[in-house]
Structure formats: C-alpha cells, structure tokens
Amino acid sequence: MNIIELKKINKFFGRGSNKVHVLKDIDLFIEKGDFVAIIGQSGSGKSTMMNIIGCLDVPTSGSYKINGVEVGKMGKDQLAELRCKTFGFIFQRYNLLPSLKAVENAALPAVYLGINEAERQERASMLLKQLDLGKKLSNKPNELSGGQQQRVSIARALMNGGEIILADEPTGALDSQSGEIVMDIIKDLHRQGHTIILVTHDSHIAAQASRIIEIRDGEIIADTRKTSDFYELKDQVKDVRRSRFNALKYRFLESLNMSVHAILANKMRSLLTMLGIIIGIASVVSVVALGNASQAKILERISSMGTNTIDIMPGRGFGDMRSGRVKTLKISDSEYLGKQGFIDNSTPNISVSGTLVYGNASMTAKLNGVGAEYFDVKGRKIAMGRIFMPDEVRNMASVVVIDDNTLNQVFADNPNPIGEILIFNKKPLKIIGVAAKDNNSGPMSDSMNIWTPYSTAMYKINGSSDINSITVKISDSVNSQVAEESIEQILTALHGKKDFFTINTDSIKQTIESTTNTMKFLIASIAVISLIVGGIGVMNIMLVSVTERTKEIGIRMAIGAKQADILQQFLIEAILICLLGGFLGVGVSMLIGVGFNMFSEDFGMIFSTASIVLALVCSSAIGIVFGYMPAKNASNLNPIDALASE
C-alpha cells in the first residue's frame, strides 16, 4: 500500500529571469514500511523533494497524497498536524534547541501532540535510554558530541510515533564511527516498521537502503529496488483527545511554560527589553504617589484652619482696604449663629498684639480672644493642662492657654508652667493649658500665640466690644455650600446689608483637590508617554528576538507547532516581560518612596493601590499591543525558510 504518492510535481524558485526549475514532473510512489534512499549531487533537487514530502514546503504544481489524502488542499494548521503526528525529522545539523536539555529536546514534539508533561518526559527518557543516552538526559546540546546530538534528534523524531522518518544527510556532519552508529539505528527503525526516506549524496550510505532513487537536475533518472523488506509499524503513539476548553488550557499552560523558559534562558536580553517598562511604571507610580502626598499635605494644612469651618470677616472681601476699620460683627451675631440647627459651634475671635512679660523677660506676642468652642472648631489639641470653660468665658476669667513657642521661649527652664502668671499689656493671666505643636501653621510658626476668653480680651485687655471675626463649625450632615448661603442670608438680615465676607475651608479644599488632581493627571500623562516608549522598545526587541530565533521557530513548526502555538508563545512572552517589568517598576517606585520618606520628615510619598493596579494593567496591555506584531510575524514564517535561517 502506497503511503506517499507524488504525481507531476514541479517546483520553481525565483521570478522572471531568475526563475529556476528545481523539480521537473516528479512521479514517485513510496510504500508503507519501505526504506528509500534518494541520492544525487548538491543542487540536484533531492532536499527540495524531501521538504515537499515532509510538508515543510509546497510544490508549485502537481499532486501529493499521503495515505490517499491530497496534501495540496490542506491548510497550514492541517499541515502542522500532519508533521506532528506522521513525520519525524532527522536533520544533518541536528537542529536541537540549545537552551533545552536532551530529554526536553526529545520530548518537544509531544508538547504539540497534547501529551502531558509526566508522560512525555517518561517516553523521552525511554527513547534516549534505548539510544544509549540514559546518562545524558540532563545535558544540553553543547555538552554532547555530534553523534550524541544526532541520537537526540532521532529520539525526537520517534517521540510522536514517527510513522515516516525523513533523514536529510543524517551522517553528513559526523565522523565515520558515529555515522555507522546512526545508520545502524536507522536500519533498526526500518525493521520496527517505520517508513524511512533518507536523502544523501553518499552512495555507500544509500546502498544500505531497500530502494535507491537517483535524481539529477530535478528529474528522477534511476529507481532501483535492492530488497523487498517491508515491516509493520510496532510503536504507535495514541492520539490525545481533549475537550475544547481543556485543549485551550493545555496549550496556554505549555506556551506559558515555554515563554518563561525563553525569558530565563536570555536573562540579559529580557532585562534590557523590560527596562523601558520598569522606568515608565516607576515614573507613573512615583508621580502619583508624590501627587497624593502633595495633595494630602495641602489638605492637612487646610484642615488645620478648622475642619468643615466657615470664617466670617468684616468688609467686602480680600483686599478691601476698609476691612480693618469695619466693626460691624458682634458677639450677638456669633451667639445667634450658634443657635442654628446646621451649626455645631460658633466662636467670636479677637486678636490683640502686645507685650508679654514674665519675670525679667519681656517679648512681643499675639493674644487671641476666643470662645470655649474654639479649640474644637479649629481642631487644636491640648498637650498639657486644659482649655477654659464656658463659665470662665461668661465671668471674664483671667486665664490663658499658651502655645509651644511660648512654652519654649518663656519657660525654657520650666517644662510645666501650669499655674504660672503671665503679664500681657499689664494685665495678669494665669496659665491653665499648653496647646500641642501645630506643624501646619505656616510661615508664622515661630511667633508666640496665647488664647484667653473673648470676654476677657474685650473688656479687661482691649476695652472694646468689637470683634475681629467669627468662626463657625458646620454639622457634618450639612452641605457646606448650603450652610454658607444660609449664614450670608441670616447676617445680611441682621445687619440690613452685607458688610462681611466668608471664607469656606471646604470650598478651598475642593478647589485644591480639583487642582491637584488635574496636575496629577497631567504629570501622569507625561509619565505614560514613557510607558508607550517602553512598549515600542519591547516591540523592537521582540522583532529582533524573532529574527534571532527564526531557526527555533522553524524547528518548532517542523515538529508540529501550529501558527496559533507560535503566536501564543511569543505573545505571552511579550506580556510576561511587560508584566514582570511592571512589578519591578512598582518595586523600584516603592524603594524610591522608602528612601524619600527616610530623608523627608514631614512630607512622605503616599502610594495608591488604584494607581499600582492601573500601572500593571497598562503594562499588560502594552505587552499585548506591542507584542502582537512580532508574534504574528513569527507565526507567519514559512517552516522551510525559517529552518534555512542562521
């Protein structure tokens, strides 16, 4: 029974005046279990004919059938499946993958057949042991002699059964002793029922076949049968049947494994490839972290002005030259506002600059007359002692709370000044508390501030019922914008006109949040450009990688890899490089943050989980987008052209 039938096969190379007719009306029939040697000088067309028989190349015209099925009507994936299940290739130069061990090289065809790792490793080990390579299973090709590499190549050819063995000058690169060993193995394979097609220019090698076909100038000039030895195939590998989902899962996991192996086998190239991604991701995450820190710092300083507070000032607004002379705000205004349901607290404010005397020392300080609710409204903490009570406000008690600057400058030798008496503008005041240090008090942080009940400041120190401002704290459940409008309506009704203006800390906060978010977006957009540049770098390196690994692609296609397998492997490789680069970039930005926070006492980078996740998603997307074209180019390579690449 004929397993191979060639009828009127023609093959041309080149175009126009450079067109060469390599095979001319070839008719050839090969029976199952035969041992055929194709002999001829270099350039006679024998290797081209074998490539066509092995489905590595296609004829220009003619009919080619395997087991009665027309090969010319098959698609690329069907041809790949035929190479995977039917053919086993033994190449003159072995064509082993240098990064794989002997057992991994031998087992490689089974990956594309769908055999799981344990089974294919077991079969590959068995085949190598049969070929006297049991002690070389873990050796890589550069650790093996030429004869040993060729035996690994033979084991690979037998991995999926190898019903038809195609041997292209199998002894051409070997010494005579190794060549004899290889030929003994090939003859033994014939006796095991494999159909052997051997291409050689050596008549001594050809003489060991059952049938010798001589080709010259693209034509068969002789076809001689020496013996009629035909054998039934003994070693047959069962086809693997999987559901569509399991098949997709298997191929993905195998492609992932091969991609990881390729990255680890070329560590320096992989690191250089992902360098652009590392820089881009580190830039994006660090910029967002700095933006978050800046925003938090600014908002913290605004919060120090009072959480959800509104300040009411006399005059028409900032820059009003008359505001210092306007004395329309009264304590009654503050008391009336404090009774409103949407206001938690209201406190009048009076500021008086004067001379502070303690013992023999005198210095300039600022006295602030405030209500008992002031410290709650402004969010100020007490480090020592207490604040004054409402009764003390009503009774104009001569008590005072000092700040940490006053404590440090006046009471440097007395860490606990509670109960001490200060003289401010010739009026004695008893210290009842010390306010905690305010880290957000701005450029005036070195000035000395003391606080006393507003009634004391008005009637005992200032001698006037006028107040400088009113500060109200809005209930958390009330919208600050609505509250601000209500306050303006109430005071306008009380005064008969609007002779005041308001400062809403919540409005400032929202404006700054909006501004900083815009700045973060703009800066992050610039950083994203570096990501895109990194992606282009990945694409360029992957294109170079495809060029460098063209022969590897040809080997994989020759042993059964489909276009989708090659595409998936290179695409996953690009995604892994970008994703790993993304994680490394996040790590670099974290290290930058640790270093920055170590040297910055009051300003630390704040990392956002959302920005980190987004950065990693972006790096994966870059791998897909910029890795697709190189992967597609790799999958579209012609097997025979890829194999011929060096």
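The values are calculated or read from the model by the stated rules, or taken from the named source; none is laboratory data. Being a predicted model, the structure only gives us computed values, none of them experimental. With ideal geometry, Cβ positions are generated from the backbone for all residues, glycine too; neighbour counts draw on all protein chains shown. Heavy atoms of the whole protein, side chains included, go into the accessibility calculation; ligands, DNA and RNA do not. Shrake-Rupley method; radii C 1.70, N 1.55, O 1.52, S 1.80 Å.
Quick look at the values:
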read-out	value
Hull volume in cubic angstrom per residue (convex hull over the Cα atoms of the stretch 235-293)	127
Total formal charge among the other residues, if their Cβ is under 10 angstrom from that of residue 34, Lys/Arg +1 and Asp/Glu -1	+1
Sequence of 413, 217, 466, 27 from largest to smallest accessible area, 1.4 Å probe	413, 217, 27, 466
Net charge contributed by nearby residues that have their C-beta within less than 12 Å of residue 116 (K/R +1, D/E -1)	0
Percent carbon-and-sulfur accessible area, the stretch 163-285, ignoring ligands, DNA and RNA, probe 1.4 Å	52
Spatially proximal aspartates and glutamates relative to residue 249 (Cα-Cα < 16 Å; intrachain offsets below 8 disregarded)	117, 565
Fraction of the pair-distance distribution of the chain above 31 Å, Cα-Cα pairs, percent	67
Difference of contour (0.36 nm per residue) and Cα-Cα distance, residue 10 to residue 216	72.8 nm
Residue 544-residue 564 pseudo-label distance in nm [points 7 Å out on the Cα-to-Cβ vector]	3.3
Per-selection metrics, the stretch 143-244 (Cα): Rg and Dmax in Å	15.5, 50
Accessible-area composition of the stretch 341-415, carbon plus sulfur, in percent [1.4 Å probe]	48
Gain in span if fully extended, residue 518 to residue 638, counting 0.36 nm per residue against the direct Cα distance	38.1 nm
The chain, helix-only ellipticity at 222 nm - DSSP H runs n ≥ 4, -39,500 (n - 2.57), divided by all residues, nearest 500	-15500 deg cm²/dmol
Using alpha-carbon coordinates, inclination of helix 505-548 to the longest axis of the chain, degrees	20
Probe 1.4 Å, protein heavy atoms only - accessible area per residue of the chain in square angstrom	47
Flagged links, alpha-carbon separation over 27 Å, of 46/135; 129/632; 426/498; 327/366; 238/632; 136/551	46/135; 129/632; 426/498; 238/632
Cα long-axis angle, helix 480-495 against the chain (0 to 90 degrees, to the nearest 10)	20
Rounded to 10°, Cα long-axis angle of helix 244-265 versus longest principal axis of the chain	80
Paired Rg and Dmax values of the stretch 76-221, which use every Cα atom, in angstrom	15.2, 48
Candidate lysines - alpha carbon under 16 Å from residue 226, same-chain residues fewer than 8 apart omitted	187
Pair residue 245, residue 328: separation of 7 Å Cα→Cβ label points (nm)	7.5
